[in-house]
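Computed from the coordinates by the stated procedures, all read-outs in this text should not be read as laboratory data. Just so you know, these numbers come straight off a predicted model, no measurement behind them. Cβ placement follows ideal geometry from the backbone for every residue including glycine, while neighbour counts extend to all protein chains displayed.
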Amino acid sequence: MTTTLVEGLKERISTSISMYESLGIVLPGTNYIDLIQALFGCIREHPNDAWVYIAVTRPFESFTKMLGDLSRYPNVTFVDCISRASGIVRRDEQCVYIESPTMLEKVVMEVMNLFNKAPENAGKCLILDSLSTLMIYNDPPLVIEFFYHLLNKMRSENIHTISLVIEEGEGDKYINKMIYLNDKILKVRDTFI
Amino acid sequence: MNKDKCVTGIKELDIQMDGGIPVGSTVLIVGSSGSGKTTLCMQFLVNGAKMGEKGVFFTITEPLFKLMSNLEKFEFFDKSLIDNGMITVIDLRILFERMGLDVEKYTVEDASALLDVIKDIAKELEAKRLVIDSITALCYRLQSREMIRDFIFKLGTFLATIKCTTFLTSEVPPREFKFSQYGIEEFISDGIIFLGDVERGGDLIRTLQIIKMRGVNHSRAKYAMSITSRGIELAPLLKVEEISSLLSRKVR
């Protein structure tokens, strides 16, 4: 069942990013791991594309535990927004650490620096994991402004964006406002497949 | 490249100034301790040197060895630019000693002698970019507001004639929106770049704002500034929080 779900998600994500500039994915927390596997499946299937993964929900370390050796995904670089704030001090060539998830402008700067290093003709894709977690650390209106800036910046640079929202209970009004800024929304449900 | 503009080499800053600073301007770089004044100035000199413009850096606040060891951590810094004379770094305190000016307060003659030496150095080295770090520490030795005004005005006027663009760093207390210690420097300068910070969730976000730049249709927006191993980087500052904190202050 899980394999089917991951494969289904992978296919829908791949199709969506080939058609739309920005994709919003709304999912229940219970399907988080499935989605991560699907996303990294997509990353692996597009080895010539440059991917940047903004990690707010889980630290970079946790991805190495979830996915194993990340050198199998050399085309992805992480921007970890939470490790430093939690007092985790590590270094890794595949990860850029931000001091705090409140430093949203710095996130944009680091993302742009990473994409600027990518080959000019490579496809570029940004994953923001997640808008809902960013709202734990920042005022919701600030996150909306940040997301507006980020989406527009990425659109102007022809970079695809995948933003995640982890749903807990009823949909939040700010989350609804933000997620509809995307060109396409994918809602993951138990009856998804 | 526009010959009338001095390109700082910090992309976002140049964009904000429609291409750069008008050549020959005197710009006050204002900020509290640790705000990035010295880094901004050195990046300005290094980027200039890489474009073939010679620069001079006068330091009063930091000994040379400390300044150098701090700069070596930045990717933009290239020590060969100092070795080959594209950038000259001078410790003003050593210069004061050699000129017999190691006194607490200067007379008009002392100030005039110092001004002549700085002018001679800039001319002899054919400097196109000059930094005094900091003008606040230098002005401390001048006895009156008139002497400060006269010193900066004469220095700026001379450097403009040799088409040398100058950065003067101005030290201000943290969290105060003032541009200088003596209240004069900002009126004589052609430009003011203010380095400050805003608090967000207990963290301090560095900011940069161009307050004034004569002869340029410049942005007045506040930018978030980051100092990384690459040097200074800027991105538009998110505004929502500032607006809501201003509103809550008014309500109180």
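Note on A:MET19, B:MET99, A:MET135: ascending count of other Cβ atoms within 10 Å places them as A:MET19, B:MET99, A:MET135, the fewest first.
Considering chain B at the alpha-carbon level, its Rg and Dmax are found to be 18.1, 59 Å. Applying a DSSP loop filter and a limit of 13 other Cβ atoms within 10 Å to the trypsin sites (Lys or Arg not before Pro) in the stretch B:40-84 leaves B:LYS73, B:LYS79. Helical runs assigned H by DSSP (4 residues or longer) give chain B a calculated mean residue ellipticity at 222 nm of -10500 deg cm²/dmol, each run adding -39500 (n - 2.57) before division by the residue total. Using only helices, what value at 222 nm comes out for chain A when you add -39,500 (n - 2.57) per DSSP H run of length 4 or more and divide by the total residues, to the nearest 500 deg cm²/dmol? So the helix-based figure for chain A works out to -13500 deg cm²/dmol.
For the protein assembly as shown, dividing the convex hull volume of the Cα atoms by the residue count gives 168 Å³ per residue.
Per-residue Cβ neighbour counts within 10 Å put A:ILE98, A:ILE127 in the sequence A:ILE98, A:ILE127, beginning with the fewest.
Give the percent of DSSP beta bridges with both residues in chain B that are antiparallel, rounded to the nearest 5. All intermediate terms of the calculation are to be shown ahead of the outcome.
Working: 21 of 47 bridges.
Antiparallel bridges: around 45 percent, rounded to the nearest 5.
Can you give me the angle between helix B:145-161 and the longest principal axis of chain B, using Cα atoms only, in degrees from 0 to 90, rounded to the nearest 10? With both axes taken from Cα atoms, the answer is about 80 degrees. Helix B:240-251 and the longest principal axis of the C-alpha atoms of chain B enclose an angle of approximately 80°. Against chain B, whose longest principal axis is taken from its Cα atoms, helix B:37-50 shows a tilt of about 70°. Under a 5 Å amide H cut-off, with hydrogens placed 1.01 Å from N, A:THR161 pairs with A:SER22, A:LEU23, A:LEU126 among residues at least 5 apart or on other chains.
In whole percents, the pair-distance distribution calculated for chain A from its alpha-carbon pairs, binned every 10 Å from zero, is 9, 39, 41, 11, 0.
Taking every DSSP beta bridge that has both residues in the protein assembly as shown, what percent is antiparallel when rounded to the nearest 5? Within the protein assembly as shown, antiparallel bridges account for around 30 percent of the total.
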